[in-house]
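To keep things clear, I will list the structure first and then write my remarks on it.
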Amino acid sequence: MSAAPQTTVDDAEIAKFEAMAAEWWDVDGKFKPLHMLNPTRLDYITSQIAAEFGRDLKANAPFAGLRILDIGCGGGLLAEPMARLGADVVGADAAERNIPVAQVHAEQSGLKIDYRHTTAEALADAGEQFDVVLNMEVVEHVADPLAYLTACQQLLKPGGLMICSTLNRNPKSYLMAIIGAEHVMRWLPKGTHEWSKFITPDELFDLIGQAGLDPVDRKGFVFNPILWTWGLSDRDLSVNYVTASVKR
């Protein structure tokens, strides 16, 4: 018998998201912060993909011919827009209960998305290859970030692009993401995030490099409490931030 594939899945982290699975598409539910952040995430993702692959976002189905993996896809908040832009999308999640939620919503939306209950490591072991790997708000939940990012690198075709977002680790991120989001605003259930697992931008760039990818960009996701909106920042990476890296 062959050995079971290695995995960086943290079972306790998966259990948290399984408990919230049915609420993925409730814009005022437990995933409200993600729904609020999603347009800004999409702006960054689509512009990076368009720049890397020479696509015109104003064209019909600009991502046609691109195979995109959304790892940690949840209910499909990113997978669905990618499919609408013409990409061939695989959505993977280690939380089993997320998959039927995502499948039903895609069906209702008339979208064909290949959703699977699996891990990055299992997909890499199976020899799957993608032009783009979306790795959004996952790396702070895994047991071994370097092993996980290495699996993501293996999943990319040469010239492929990984978009990876996470949370910085500093006093401000503790105040905003733990105290603010979980305890004061109650946007997220208490215990959703573990501050000690947050990763600084320099640490993430180092890990991405060790995994065999070339980091090419990073930006901050910044919340404006007056306008109640998110935006991108070149300078402020103090709480939420996103990176782009390429497999040369």
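A search for C-beta distances below 7 Å between a residue of region 76-87 that is more than 10 Å from Leu111 (Cβ to Cβ) and any residue that is of a type in the set (Gly, Ala, Ser), counting only pairs 6+ apart in sequence or on different chains, returns Leu85/Ala61; Gly86/Ala61; Gly86/Ala64. Output yes when any residue across region 77-86 is of a type outside the set (Gly, Ala, Ser) and over 28 Å from Phe223 (Cβ atoms), and no when none is. No, that holds for no residue. Going through (1) crowded, with 17+ Cβ neighbours inside 10 Å; (2) touching a residue at least 40 places away in the same chain (Cβ under 8 Å); (3) not in a strand (DSSP E or B) one by one, Arg55 falls short only on (2).
Listed here are the residues, each with its yes/no results for (1) in a loop (DSSP other than H, G, I, E, B); (2) closer than 18 Å to Leu167 by Cβ.
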| residue | (1), (2) |
| --- | --- |
| Lys16 | no, yes |
| Ala22 | no, no |
| Met36 | no, yes |
| Arg41 | no, yes |
| Tyr44 | no, yes |
| Ala50 | no, no |
| Phe63 | yes, no |
| Asp70 | no, no |
| Gly76 | yes, no |
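Listed conditions (1) in contact (Cβ under 8 Å) with a residue 40 or more places away in the chain; (2) among the acidic types (Asp, Glu); (3) in contact with a strand residue (DSSP E or B) (Cβ under 7 Å, 6 or more places away or on another chain) are all met by Asp114, apart from (1).
Cβ separations smaller than 8 Å between residues 6+ apart or across chains give the following pairs from region 152-174 residues that are under 14 Å from Ala124 (Cα atoms) to residues that are among the polar types (S, T, N, Q) and open to solvent by 10 Å² or more (accessible area, probe 1.4 Å): Leu155/Gln129; Leu156/Gln129; Lys157/Gln129.
Check region 169-177 and report whether any residue there is within 28 Å of Ile68 (Cβ to Cβ) and in contact with a helix residue (DSSP H, G or I) (Cβ under 7 Å, 6 or more places away or on another chain). Among the residues of region 169-177, not one is within 28 Å of Ile68 (Cβ to Cβ) and in contact with a helix residue (DSSP H, G or I) (Cβ under 7 Å, 6 or more places away or on another chain), which makes the answer no. Take Leu134 and decide whether it is crowded, with 19+ Cβ neighbours inside 10 Å, on the phi < 0 side of the Ramachandran plot and touching a residue at least 40 places away in the same chain (Cβ under 8 Å). The answer is yes for Leu134.
Total residues in region 231-248 satisfying the condition of being buried (at least 19 other Cβ atoms within 10 Å of the Cβ) and either farther than 22 Å from Leu161 by Cα or not charged (D, E, K, R) (or both): the figure is 8. For region 193-204, the criterion of being of a type in the set (A, V, I, L, M), open to solvent by 10 Å² or more (accessible area, probe 1.4 Å), at pLDDT 95 or above and more than 25 Å from Trp24 (Cβ to Cβ) is satisfied by no residue at all.
Is it fair to say Ala106 is open to solvent by less than 40 Å² (accessible area, probe 1.4 Å), among the aliphatic types (A, V, I, L, M) and touching a Cys at 6+ places or on another chain (Cβ under 9 Å)? No; evaluated as a whole, the condition is false for this residue.
When Leu66, Leu146, Leu77 are screened for being surrounded by 21 or more Cβ atoms within 10 Å (Cβ to Cβ) and out of contact with any His (no Cβ under 8 Å at 6 or more places or on another chain), only Leu66 passes.
Here is the figure for region 1-11: residues that are at pLDDT below 85 and either more than 19 Å from the chain's Cα centre (by Cα) or surrounded by fewer than 14 Cβ atoms within 10 Å (Cβ to Cβ) (or both) total 6.
If you filter region 175-190 down to residues that are without any contact (Cβ under 8 Å) to a residue 24 or more places away in the chain and open to solvent by 40 Å² or more (accessible area, probe 1.4 Å), you find that the one that is farthest from Phe223 (Cα to Cα) is Lys190. Tallying residues that are touching a residue at least 60 places away in the same chain (Cβ under 8 Å) and more than 17 Å from the chain's Cα centre (by Cα) within region 195-210 yields 1.
The values are calculated or read from the model by the stated rules, or taken from the named source; none is laboratory data. The structure displayed is predicted, hence computed values, not measured ones. Cβ coordinates were reconstructed from backbone atoms using ideal geometry, including for glycine residues, and neighbour counts include every protein chain displayed. Just so you know, the surface numbers come from the protein's heavy atoms only, side chains and all, with ligands and any DNA or RNA stripped out. Shrake-Rupley method; radii C 1.70, N 1.55, O 1.52, S 1.80 Å.
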